[in-house]
Structures are given as C-alpha cells and as structure tokens.
1. Just want the answer: with Cβ charges of +1 for Lys and Arg and -1 for Asp and Glu, which residue in 185, 141, 156 is farthest toward the dipole's positive end in the chain?
2. Just the Cα atoms of the stretch 1-129, one point each, no solvent: what log10 I(q)/I(0) does Debye give at q = 0.09, 0.15, 0.22 Å⁻¹?
3. First compute the accessible area of the chain with a 1.4 Å probe, then give the percent of it belonging to carbon and sulfur atoms.
4. Full-extension gain between residue 90 and residue 112, please, as 0.36 nm times their residue separation minus the C-alpha to C-alpha distance.
5. Normalised by the number of residues in the stretch 27-107, what is the relative contact order in percent for Cα pairs under 8 Å and 6+ residues apart?
6. How much of the DSSP bridge set in the stretch 1-157 is antiparallel, in percent, rounded to the nearest 5?
7. Largest first and in whole Å, what are the equivalent-ellipsoid semi-axes of the chain based on the Cα gyration tensor, each being the root of 5 times an eigenvalue?
8. Within the chain, what's the longest run with no GluC sites (Glu not before Pro) in a DSSP loop and at most 12 other beta-carbon atoms within 10 Å? Give the range, please.
Amino acid sequence: MNLIFLGPPGAGKGTLAGLVGREYGIPQISTGDLFRESVRGGTELGRKVKQIMDRGDLVPDDLTVALVKERLALPDAHQGFILDGFPRTIPQADALGKIARIDAVANFQVDDETVIRRLSGRRICRKCGAIYHVENIPPQVEGVCDRCGGELYTRSDDQIDAIRKRLQVYKQQTEPLIRYYRKKGLLRDIDASADPEHTLQQIRAALRPSGEQAG
Ligand code: AMP
C-alpha cells in the first residue's frame, strides 16, 4: 500500500506513520527526518537546507523531489510506503505522480491552537528519535529518553516564531493538495485532534477496503 500522510505540522503524522508503518510492515518515509539527517551529517544537502528549515520555510522542490526519488528506489519501499511530510506543494505532488502510484491520502485535521500546544511542548530523543510531550507524553525523568537514556531536545523549528511560520506556509503551499487529492478520489479525512489511539482507529477504518467495512 502506497500512502501519503497530509496535514499541518503537529498533526501527529510522524507518530501515526510510525504506528501504521509497523502495523502494515511498510517503511515510514519522512522528508523532514531525511533533511535533519543530512544536517546532522554535515553533507552538502544539509548545509543547503539548515537555515531554510530553522526558519520554517520549505526546501526547494527540486532538492526535495530528488531526495524522495532516491529513497523510493530502495528495496524496502517496493512493498509499499508511508510518505510523511511529502508532498507539500502541487509541483511535488505532480512529480510524485510520475514516480509512484498512490493508493490513499490521509488528511489529518487539527486546529491551529492544538498544533501550537503540541509543537511547543514536543521533545525528541537525540539518540533514537523517540517523541515525547512535556504534558501529554512526559518522560519518566525530565530531559531523558525512557527507551534509550538519550538526551531529549526541542527542535529549532519548534520555537514559537517558526511554528507560526510553518503553519502559514502549510496554509499557503500545502493546503491546496487537499483539493488536488480529493479530486482524484484518494482523500480520507481523519480527525487528528484527540490522542494517537483515536487517530489510529480512524486511519484503520479509512484504509479498510469498503467491502470489509460493510461486512
Ligand atoms: P517536518 O519534520 O515534516 O515538519 O519537516 C521539517 C522541515 O523540513 C520543514 O519545515 C521544511 O523546511 C523541510 N521539509 C520537510 N519536508 C519537506 C517537503 N516535502 N518540501 C519542502 N520542505 C520540506
């Protein structure tokens, strides 16, 4: 199954892509994670994108599409995949349409206040990437990962100014994709305002073939 998780930052796409990916046995492909990896690794791509990401702006389409093309060519993506955070513009969606067939697009719906609350409280493990939240999913020891003991940090683009910028960019550049995929009959609306388990149930129902739903 080839899936896209579409929605504003802080909608829970990353958390849910991890859960759904494990359940369906398909990889979660997050362009944000791939870019952050290149920044950490100090690669040429990393140097190009660091400032853009810190501001909350979008990386240019050509760089992003090239990255995704490379990732989708790896063998583990041949059985299916979840794209988390890609596409984010109409040109990216057009480019994707030439590389892969898409089966469904989960449209994560959540209001701005929830996004701001979630992102400003988000903490991530430097070592294993586990995601916490100071109120909703606090670690047992403040600043330390429960899973691996790694240090927890706040992403530079989870500062309030960058969050507002990312929301604005989402509305201007990414929201038009809702109509784009609805017209293709691929969109599945998901209420992402509650906890991850609630969102997961809706995604399962949305991805179930319609025959099964009736029976
Ligand atoms: P995310 O982790 O998905 O919130 O992405 C973090 C940042 O990476 C974004 O704010 C952008 O700067 C960049 N990024 C991730 N995915 C894309 C994309 N599909 N197109 C352009 N920039 C992206």
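1. Value computed over the given set: 185.
2. Normalising to I(0) and taking log10 leaves -0.25, -0.75, -1.60.
3. Working: 5530 of 11380 Å².
Summing carbon and sulfur atoms, their accessible area is 49 percent of the total for the chain.
4. Values: separation 22, 0.36 × 22 = 7.92 nm, distance 2.23 nm.
My answer for the length gained is 5.7 nm.
5. Values: 57 pairs, mean separation 30.6, N = 81.
It comes to 38 percent, rounded to a whole number.
6. Values: 7 of 18 bridges.
Here the antiparallel bridges make up roughly 40 percent for the stretch 1-157.
7. Values: eigenvalues 128, 93, 63 Å².
Listed largest to smallest, the semi-axes of the chain are 25, 22, 18 Å.
8. Values: sites that count: 135, 142.
Answer - 1-134.
The values are calculated or read from the model by the stated rules, or taken from the named source; none is laboratory data. Keep in mind it's a predicted model, so treat the numbers as computed, not measured. Backbone-built Cβ (ideal geometry, glycine too); neighbour counts: all protein chains shown. Please note that ligands, DNA and RNA were not included when accessible areas were found on the heavy atoms of the full protein model with its side chains. Shrake-Rupley method; radii C 1.70, N 1.55, O 1.52, S 1.80 Å.
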